[in-house]
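Here is the structure we will look at, set down as C-alpha cells.
The values are calculated or read from the model by the stated rules, or taken from the named source; none is laboratory data. What you see is a predicted model, and the numbers here were worked out from it, not measured in a lab. Note that we place each Cβ from the backbone using ideal geometry, even for glycine, and neighbour counts take in every protein chain shown. The area values use the complete protein model at the heavy-atom level, side chains included, leaving out ligands, DNA and RNA. Shrake-Rupley method; radii C 1.70, N 1.55, O 1.52, S 1.80 Å.
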Amino acid sequence: MNLVKIFRLTLAAALLTAGTLAATSAQAQAPLKIGYTDVQYVLSQMTESKQIESELKTYNDQLAAQLKSKSSEFETKVKDYQQKSGTMTDVVKADTEKELQRLQQSIQEFQRTAEQSLQQKQQTLLKPALDKLQKNIDLVADENGFTYVFNSDGGGSPLLLHAPKDGDISDLVLKKMGITPGAAALIKSGPASPVSAPVTPGVNKTKTKTKK
C-alpha cells in the first residue's frame, strides 16, 4: 500500500479545516498573511513515516499469513472433493459442496474484515504524526505571523492552486522539528495492498476465481 496515499486519505479529513489557523483579535487588525505547506512532503521526511510503514507492513503480513492458511485449507478440501466425488452419494456430495461454499464465503468475509482492520491500524499509527505536524505548523505560523496556512499537497484535491514561493512554510516546519529539509526521499511505496487472496477454487455452483 502506498504510504503517501494513506497520508492523503487520512489528511483529507484531518487537515481540511485544521490546517486553517483562526486569526486572533490582534491579527485581525494586522495585514493578512497567508502561508501554505506541502503536507505530503513534510510527512515523508518525518522519522515517524518509516516506523509507520514498517509497522503497517508487519501487520499486513500477519493478516496475509492468516488468509493464506485459510485458503490452503480450502484448496486441500476442494482437491479431496474432486478426487472422491465420483464415489460419493448424492447426499454426501451436496453436503460437501455446501461446506466448501461456506468455507469460501468465510475466506471472503475474512478478507473484507482484514482490509477494514488494516485501515484502522493506519489511522491509529498516523494520529501521533499528524498531531505533531499540526502542532509545529501552529508554532511556525505564530512565529512568522501567518494568519492562515493551507495544504498545497498536489494529491487528491489540493486546497491551494497558486501562491508565491515565499509563502511556503514546509521547510520552516521541518526545521522546527529538527529535520533538515530534503534529507529524506519521498516515500513512494509502503506495505502491500490490504491482504489479497490467493486462488480460491469453487465447486459446481461456486466458480473458480483467482485474485491477484
Tell me, yes or no, whether region 67-77 has at least one residue that is closer than 30 Å to Ala129 by Cβ, of a type outside the set (Lys, Arg) and modelled with pLDDT of 90 or more. yes
Within region 96-107, how many residues are farther than 30 Å from Ile52 by Cβ and open to solvent by less than 80 Å² (accessible area, probe 1.4 Å)? 8
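Are any residues in region 153-176 assigned to a loop (DSSP other than H, G, I, E, B) and at pLDDT below 85, and if so, which ones?
We begin by selecting, within region 153-176, every residue assigned to a loop (DSSP other than H, G, I, E, B); these are 153-164, 169.
If the condition is that a residue be assigned to a loop (DSSP other than H, G, I, E, B) and at pLDDT below 85, then Asp153, Gly154, Gly155, Gly156, Ser157, Pro158, Leu159, Leu160, Leu161, His162, Ala163, Pro164 are the ones that fit.
Residue-wise test of (1) open to solvent by 70 Å² or more (accessible area, probe 1.4 Å); (2) among the hydrophobic types (A, V, I, L, M, F, W, C); (3) modelled with pLDDT under 95; (4) within 28 Å of Thr76 (Cα to Cα).
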site	(1), (2), (3), (4)
Ala94	no, yes, yes, yes
Glu109	yes, no, no, yes
Gln123	yes, no, yes, no
Leu130	no, yes, yes, no
Lys135	yes, no, yes, no
Val140	no, yes, yes, no
Asn144	no, no, yes, no
Thr147	no, no, yes, no
Asn151	no, no, yes, no
When region 63-88 is checked residue by residue, the ones that are closer than 25 Å to Leu126 by Cα and loosely packed, with under 12 Cβ neighbours inside 10 Å are Ala65
